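Colleague: After the structure tokens below, expect a handful of questions from me.
The values are calculated or read from the model by the stated rules, or taken from the named source; none is laboratory data. What you are looking at is a predicted structure, and each value in this text was computed from that prediction instead of being measured. So basically every Cβ, Gly included, is an ideal-geometry build from the backbone, and we count neighbours across all protein chains shown.
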Amino acid sequence: MNTEELRDTMNRLYGPSDNPVTVYFSPGRVNLIGEHTDYNGGYVLPCALTFGTYLLVRKNGSRKVLFATTNFDHRGEVNLDEPFEKEGKSWINYPVGVLNEFRKMALETAGMDLLYSGDIPNGAGLSSSASIEMVTAFAMNDLFGFGLDRMNLAKLSQRAENLFVGVNCGIMDQFASGLGRKDHALFLNCDTLEYERVPLRLDGKKIVIVNTNKRRGLADSKYNERRAQCEEAVDALRKGKPIRHLSDLTLEEFEQFAHLIPDEVVLKRARHVISENNRALEAVEALKTGDIGRFGKLMYQSHHSLRDDYEVTGHELDSLVEEAGKISGTIGSRMTGAGFGGCTVSIVTDDSVQRFIREVGSGYAKQTGLQADFYVAEIGDGSKRM
Ligand code: GLA
């Protein structure tokens with residue numbers, strides 16, 4: 001990203017000013033394993049990417065915060081002396097939601113010109129929205145000296161998304177965007193928020209992200225439906241053991257109490273969460289001991305569980321994983337993020353990457369009529385001032 005060009009864009013959109021411009025960045029993320037576990041108090045293993053959202057900030061001496069982005073034409077503003085209102089489905093709700101959370105903590109900002117610029121493929125499920133929230137939270141915290149740490153900024157950003165935007169997401173995306181580290185995966189316990197940065201020793205292998213380019217229609221409502229089903233499972237299982245989350249159960253305990261869940265669908269949802277939590281634990285051990293083969297098998301198992309028990313994959317994601325499995329150099333492959341479209345993540349040996357891109361691309365086009373996009377992922381740092 002060329003920040004000089006962005007400075008020119010800022011002057012063009014808002015007019016020139018002598019006030020200093022500060023540039024911030026927060027990345028998108030890819031989750032290696034531990035899917036739909038975060039809001040169930042379980043484990044996740046995401047990494048921050050090198051693409052994400054840049055934010056240029058300049059104080060403007062007024063009581064207005066002005067918003068613009070290089071990604072869409074739509075611009076907006078809020079008045080700091082009035083309550084913040086949600087604006088339809090606009091992207092502006094993400095940063096305004098963050099300002100609103102600071103305001104609730106009596107942390108007041110000032111009039112500013114803001115310019116956002118993202119290089120994450122849109123709607124791909126790589127957390128462009130979390131990166132907008134985190135870059136805003138990180139920038140405000142830095143510029144106004146609020147003194148919150150990164151974990152609290154991630155929690156604040158999650159609240160902005162839950163309460164202002166109205167999407168009931170877990171903590172994973174904001175956490176990964178804020179706390180990522182170059183060439184490390186983040187192993188997070190979403191119940192206690194304890195985490196560990198685990199070196200990604202992939203020697204001779206690459207992480208390849210493939211975008212289905214399928215629009216994720218209805219994803220938010222299906223996501224909220226899954227959350228409700230998990231809560232239903234917790235209620236039923238409490239007759240066997242006083243749990244707070246599904247992740248409080250081991251697989252053995254789950255088998256013992258599964259008969260307490262009368263609804264077949266709810267039972268499958270719970271089985272995914274508890275088995276996936278186990279897989280995330282096993283996968284981090286495999287990563288630490290350098291057993292990438294084991295890691296890859298767990299990725300496939302994760303995908304199958306998301307397909308059969310959680311039912312969030314669909315033809316496009318399933319086709320990509322199936323085609324990836326046909327390449328001898330593919331170590332593992334699965335959907336990543338919420339599902340219902342979006343991306344897969346695969347681990348592929350260096351010498352197979354070109355073949356992977358060619359053959360998965362053509363196999364996928366044959367199966368779905370869609371063109372996939374391929375990214376050889378680089379794992380980068382979390383939120384920063386440039
Ligand atoms: C979305 C949410 C996350 C997480 C994943 C599924 O990305 O924002 O909190 O629940 O889906 O693992």
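Colleague: Do you know which residues across the range 277-298 are in contact (Cβ under 8 Å) with a residue 12 or more places away in the chain and charged (D, E, K, R)?
Modeller: Matches in the range 277-298: 279, 282, 288, 294, 297.
Colleague: Follow-up. Please return the ranges of strands (runs of 3 or more DSSP E) entirely within the range 1-85 where 1 or more residues are modelled with pLDDT under 95 and in contact with a Cys (Cβ under 9 Å, 6 or more places away or on another chain).
Modeller: none
Colleague: If residue 174 satisfies every condition in (1) within 29 Å of residue 57 (Cβ to Cβ); (2) polar (S, T, N, Q); (3) without any contact (Cβ under 8 Å) to a residue 12 or more places away in the chain but one, which is the exception?
Modeller: It is condition (3) that residue 174 fails.
Colleague: Kindly indicate the residue of the range 141-157 that is in a helix (DSSP H, G or I) and surrounded by fewer than 24 Cβ atoms within 10 Å (Cβ to Cβ) and also farthest from the ligand (Cβ to nearest atom) among those meeting that condition.
Modeller: Among those residues, the one meeting the criterion is 143.
Colleague: List the number of the failed condition for residue 138; all other conditions in (1) part of a helix (DSSP H, G or I); (2) within 15 Å of the ligand (Cβ to nearest atom) hold.
Modeller: (2)
Colleague: Taking the conditions exactly as written (closer than 24 Å to residue 171 by Cα, away from the ligand (no atom under 16 Å from the Cβ) and assigned to a loop (DSSP other than H, G, I, E, B)), does residue 106 satisfy them or not?
Modeller: Values: closer than 24 Å to residue 171 by Cα: yes; away from the ligand (no atom under 16 Å from the Cβ): yes; assigned to a loop (DSSP other than H, G, I, E, B): yes.
The answer is yes for residue 106.
Residue-by-condition table, conditions (1) away from the ligand (no atom under 16 Å from the Cβ); (2) farther than 30 Å from residue 300 by Cα; (3) surrounded by 17 or more Cβ atoms within 10 Å (Cβ to Cβ):
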| position | (1), (2), (3) |
| --- | --- |
| 5 | yes, yes, no |
| 19 | yes, yes, no |
| 23 | yes, yes, yes |
| 30 | no, no, yes |
| 45 | no, no, yes |
| 72 | yes, yes, no |
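Colleague: State the number of residues belonging to the range 113-131 that are in contact with a strand residue (DSSP E or B) (Cβ under 8 Å, 6 or more places away or on another chain), part of a loop (DSSP other than H, G, I, E, B) and within 16 Å of the ligand (Cβ to nearest atom).
Modeller: Residues flagged as in contact with a strand residue (DSSP E or B) (Cβ under 8 Å, 6 or more places away or on another chain), part of a loop (DSSP other than H, G, I, E, B) and within 16 Å of the ligand (Cβ to nearest atom) within the range 113-131 amount to 6.
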